[in-house]
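Structure, as structure tokens:
The values are calculated or read from the model by the stated rules, or taken from the named source; none is laboratory data. As the structure is a computational prediction, the values presented were derived from the model and not from experiment. Here the Cβ positions follow ideal geometry from the backbone for every residue, glycine too, while neighbour counts run over all protein chains shown. Each accessible area value is taken on the protein alone, full model and side chains, heavy atoms only, with ligands, DNA and RNA left out. Shrake-Rupley method; radii C 1.70, N 1.55, O 1.52, S 1.80 Å.
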Amino acid sequence: MFENHLPTAELQALDAAHHMHPFTDGAGLNKKGARVITGASGVWLTDSDGNRILDAMAGLWCVNIGYGRPEMADAAARQINQLSFYNTFFQTTHVPAVTLAAKLAELAPYDLNHAFFANSGSEANDTNLRLVRHYWKAKGKPTKRIVIGRWNGYHGSTMGSASLGGMKFMHEQGGLPIPDVAHIDQPDWWMQGGDSAPDDFGLARARQLEAKIIALGADNVAAFIAEPIQGSGGVIVPPATYWPEIQRICREHNILLIADEVITGFGRTGRWFGSETLDIRPDIMTIAKGMSSGYAPIGASLLSDDVADTINDAGEFNHGYTYAAHPLSAALALENIRILEDDDIVDHVANVAGPYLKEKWEALIDHPLVGDASILGMMGSIRMTPDKASRAKFKADEGTAGYICRERCFANNLVMRHVGDRMVISPPLVITTDEIDMFIARAITSLDETHAKLKADGLMEAAPAG
Ligand SMILES: *Cc1c(COP(=O)(O)O)cnc(C)c1O
């Protein structure tokens, strides 16, 4: 095999010596060596030893159109030859920025007609945090500053976005959350619903928002932020009663609603945006990831007419990123959207690959290790359990079984991620039914091997209830 790179062991040694990985136990990884990914096409990754790996995570929830599309390479070359960079700070704009903003306004539901660009989901959510406070000040309500998020929500990794998120293991490092951020519980019926019916539980969890607003005083609350379907929290599909009640509460208490669509946007749920699938009407939408299918970093806050007009009429908004609406990223986002449209990829999710995957995925509930199998469009999860009937957790630390399963998947040339003892998937939207068959076969093999190892290691014991 032709190799245009150093041997794997040398790359791993250099990686260990010089490269700090995000969300990683550095010493642990450096001891065993990172797997070196050298190429990718469609839903397939290639590693430096020549293995072909089926990527059921679309990179990090982002490669919606699949890897290695030549049209994207051509669009990048065209844009760099035409205009490699210009900023948008000093009363200038450029063609990709204008065209992309107008295209997003056309695609986004309701009157989300205005884009404020960023380079990632984290940055866009930091923008949202400043923007909602600036908005209420402009409206003559400067005390409305608190933003409410959810425990186990994920909104990014900067100081602001990690504070909006509810990942306690992130808050523990670096002294988070920042002031004027509050959290309510997530609508995770399987883990936390106890004896209540899912719909009752969904209502109860939504009403925690109302209780929190009343406790803090509506005059002090600026916004509520949530993912339509939690992604990094484990692909938690909320009970049907949840979102309509959240919507009512935000409206009645005069709180802005921010839908973090960084994962659910650009076709993942079978509509262009998760807000359409779940009938949510946000004032602000965060987008990133599938916006460019990961071909270049880009994100944005999409604002309603009211929010945008209020900000525009309030003088200078002292905020922005050098590379906001970067011409290369914007051109790639536009080409990505063109491919999504011309190849009818959202329809493929809604009517072809989505229903096919749903049938196969939900059938995993028959596996002895699987206690829950949920899926909406092209994002799904399975919960592993030592006892389905009681929805028991393992006695071993949360994440022990998940880690074993992830390792078994990787050994079987399949990428599934684990969130605790949930396995989550978010494949490229272009996955074919044949590839889904291969994916499910590898998933079952990996679950069988995980089950065998858990039994052999005495790890199938259930935690005491409660
Ligand atoms: C990934 C993610 C983010 C953060 O985006 P980055 O591009 O990693 O900064 C924010 N919100 C959600 C829902 C995400 O999944």
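Looking for whichever is within 16 Å of the ligand (Cβ to nearest atom), touching an Asp or Glu at 6+ places or on another chain (Cβ under 6 Å) and not aromatic (F, W, Y) here; the options are G160, G166. Which one fits? Reasoning before the result, please.
On the way: G166 fails: touching an Asp or Glu at 6+ places or on another chain (Cβ under 6 Å).
The conditions single out G160.
Where the second residue is part of a helix (DSSP H, G or I) and buried (at least 18 other Cβ atoms within 10 Å of the Cβ) and the first is in contact (Cβ under 8 Å) with a residue 40 or more places away in the chain and charged (D, E, K, R) and lies in the stretch 134-145, which pairs have Cβ atoms under 7 Å and are six or more apart or on separate chains?
K139/T310; K144/W136; R145/R133
Give me the pairs: first residue in the stretch 98-116 and touching a residue at least 24 places away in the same chain (Cβ under 8 Å), second residue among the basic types (K, R), beta-carbon distance under 8 Å, and six or more apart or on different chains, which are they?
P109/R281; Y110/R281
Report every pair of residues separated by at least 6 positions or lying on different chains whose Cβ atoms are under 6 Å apart, first residue within the stretch 220-248 and of a type in the set (S, T, Y), second crowded, with 22+ Cβ neighbours inside 10 Å and in a loop (DSSP other than H, G, I, E, B).
Note: pairs meeting the criteria are S232/Y154; Y242/P187.
Being at pLDDT 95 or above, of a type in the set (F, W, Y), in contact with a helix residue (DSSP H, G or I) (Cβ under 7 Å, 6 or more places away or on another chain) and open to solvent by 50 Å² or more (accessible area, probe 1.4 Å): is that true of Y86 here? Quick ask: steps written out before the conclusion?
Numbers: at pLDDT 95 or above: yes; of a type in the set (F, W, Y): yes; in contact with a helix residue (DSSP H, G or I) (Cβ under 7 Å, 6 or more places away or on another chain): yes; open to solvent by 50 Å² or more (accessible area, probe 1.4 Å): yes.
Here the answer is yes, as Y86 does meet what is asked.
Filter the stretch 98-111 down to the residues that are touching a helix residue (DSSP H, G or I) at 6+ places or on another chain (Cβ under 7 Å) and surrounded by 21 or more Cβ atoms within 10 Å (Cβ to Cβ) and list them by number.
The one that is touching a helix residue (DSSP H, G or I) at 6+ places or on another chain (Cβ under 7 Å) and surrounded by 21 or more Cβ atoms within 10 Å (Cβ to Cβ): L100.
Kindly provide the set of residues from the stretch 281-313 that are over 14 Å from D111 (Cβ atoms), of a type in the set (A, V, I, L, M, F, W, C) and part of a helix (DSSP H, G or I), ordered by number.
The answer is M291, I311.
Check whether at least one residue in the stretch 233-241 is in a strand (DSSP E or B), open to solvent by less than 20 Å² (accessible area, probe 1.4 Å), under 24 Å from F23 (Cβ atoms) and within 16 Å of the ligand (Cβ to nearest atom), and report yes or no. Give the steps one after another, and end with the answer.
Step one: filter the stretch 233-241 for residues in a strand (DSSP E or B), giving 236.
Now narrow it down to the ones that are open to solvent by less than 20 Å² (accessible area, probe 1.4 Å): 236.
In the following step, the residues that additionally are under 24 Å from F23 (Cβ atoms) were identified as 236.
The next check asks that each one be within 16 Å of the ligand (Cβ to nearest atom); those that pass are 236.
Yes - at least one qualifying residue is present in the stretch 233-241.
Please list, ordered by residue number, the helices (runs of 4 or more DSSP H) wholly in the stretch 326-434 having 2 or more residues that are farther than 30 Å from K168 by Cβ. Show your work before the answer.
On the way: elements: 327-342, 353-362, 400-411.
Correct list: 327-342, 353-362.
Considering the stretch 420-435 alone, what residues qualify as being touching a residue at least 60 places away in the same chain (Cβ under 8 Å) and surrounded by fewer than 22 Cβ atoms within 10 Å (Cβ to Cβ)? It would help to see each step written out before you state the result.
So in the stretch 420-435, the residues touching a residue at least 60 places away in the same chain (Cβ under 8 Å) come out as 420, 422, 424-433, 435.
Residues satisfying the conditions are G420, T432, T433, E435.
Given the criteria open to solvent by less than 20 Å² (accessible area, probe 1.4 Å) and either touching a helix residue (DSSP H, G or I) at 6+ places or on another chain (Cβ under 8 Å) or more than 15 Å from the ligand (Cβ to nearest atom) (or both), does G194 qualify? Reasoning before the result, please.
On the way: open to solvent by less than 20 Å² (accessible area, probe 1.4 Å): no; either touching a helix residue (DSSP H, G or I) at 6+ places or on another chain (Cβ under 8 Å) or more than 15 Å from the ligand (Cβ to nearest atom) (or both): yes.
Taking the combined requirement at face value, the residue does not satisfy it.
State which residue is surrounded by the fewest Cβ atoms within 10 Å (Cβ to Cβ) when the search covers only the stretch 242-280 and only residues that are among the basic types (K, R) and outside any helix (DSSP H, G or I).
Filtering first and then ranking leaves R271.
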